[in-house]
Amino acid sequence: ENIYNLFGKDENGCSNTTSITIYADTLPNIRIEGLDSICVGGIAELTGRGAENYQWLTEDDMVITSGMTFTPTINSDTTFNVIGIDGNGCAGQADIEMTAKAYPAITYHTSTGKDSVCYGNRLTIYLNGAESYEWVNENSTDNYLTQEFTTSKTFEVKGTTRGCESKKEINISLK
């Protein structure tokens, strides 16, 4: 708050004083709620908080949309900015740097170096490219699997890195 005094004197030498108090509204504290990283091609849900009206902008200040919630598809690392305007017409802003997380590229190799095995022989399949694995229908989360083969078989593997999951099929045939 600021108080301003005004002193005036007319042509007769009479004077008077008046004052006015000006109250300054505080800027809204704008923030963005939502995850700041998502798998490539995923849809982020970002929500502006701290104001009544919002405008979402690209990192080069191009208006994308208005509204409290913004759901962009994230294909690469990018920054979004939101401007929030409160009921007094005061504006504040916040930004969020979005990280596009890559899906793991699962690779494999076998103990024999081949994708085929003789009837009754054992073969180990080793996985690479992810932080964790799940052998679908094999009840294993190891990065390898050893089995005895009496028939050709197709394995499905899920690999996860930083929350992003990829799938891979591995075909092992009988010689």
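The values are calculated or read from the model by the stated rules, or taken from the named source; none is laboratory data. All figures in this text were calculated on a predicted structure; none of them were measured in a lab. Here the Cβ positions follow ideal geometry from the backbone for every residue, glycine too, while neighbour counts run over all protein chains shown. For accessibility, only protein heavy atoms count, side chains too; no ligands or nucleic acids. Shrake-Rupley method; radii C 1.70, N 1.55, O 1.52, S 1.80 Å.
Explain nothing, just compute: Karplus ³J(HN,Hα) = 6.51 cos²θ - 1.76 cosθ + 1.60, θ = phi - 60°, for every residue of the stretch 138-147 in order, whole Hz, x for Gly and Pro.
Taking θ as phi minus 60°, the curve returns 10, 6, 9, 10, 6, 8, 8, 8, 10, 9 Hz for the stretch 138-147.
Please give me, ordered by residue number, the chymotrypsin sites (Phe, Trp or Tyr not before Pro) of the stretch 71-175 that lie in loop per DSSP and have at most 11 other Cβ atoms within 10 Å.
Those satisfying the criteria are Tyr119.
Leaving ligands, DNA and RNA out of it, report the carbon-plus-sulfur percent of the accessible area of the stretch 8-166 at a 1.4 Å probe.
44
With charges set only on the Cβ (+1 for Lys and Arg, -1 for Asp and Glu), what does the dipole of the stretch 72-154 come to about its Cα centre, in debye to the nearest 20?
The dipole magnitude comes to about 460 debye.
Leaving out same-chain residues fewer than 8 places away, which lysines sit with a Cα under 22 Å from that of Lys168?
Straight-line reach from Lys168, under 22 Å: Lys101, Lys114, Lys153, Lys158.
With unit charges on the beta carbon (Lys/Arg positive, Asp/Glu negative), name the residue among Thr146, Gly89, Ser166 whose Cα is farthest towards the positive pole of the charge dipole of the chain.
Thr146
Pairing rule first: another cysteine's C-beta must sit under 4.7 Å. Under that rule, which cysteines of the chain stay single?
So far as the 4.7 Å Cβ criterion goes, Cys14, Cys90, Cys118 stand without a partner in the chain.
Sorted by accessible area (1.4 Å probe), largest first, how do Arg31, Arg49 line up?
The ordering from most to least exposed comes out as Arg31, Arg49.
As I understand it, the dipole of the chain uses +1 on the Cβ of Lys and Arg and -1 on the Cβ of Asp and Glu, about the Cα centre. Which of Thr99, Thr21, Tyr126 lies farthest toward its positive end?
Working it through, the farthest residue towards the positive pole turns out to be Tyr126.
To the nearest 20 debye, what charge dipole does the stretch 22-104 have about its Cα centre, counting +1 at the Cβ of each Lys and Arg and -1 at the Cβ of each Asp and Glu?
Here the stretch 22-104 has a charge dipole of around 200 debye.
Assign unit charges at the C-beta atoms only (+1 for Lys and Arg, -1 for Asp and Glu), then state the dipole size of the stretch 1-66 relative to its Cα centre in Debye, rounded to the nearest 20.
200
Say each of Asp60 and Gln147 gets a label point 7 Å from the Cα, pointing the same way as Cα to Cβ; how far apart are those two points in nm?
About 5.1 nm separates the two model spin labels.
For Ile30, what residues show an amide H to amide H distance below 5 Å, using hydrogens built from the backbone and excluding near sequence neighbours?
Gln93
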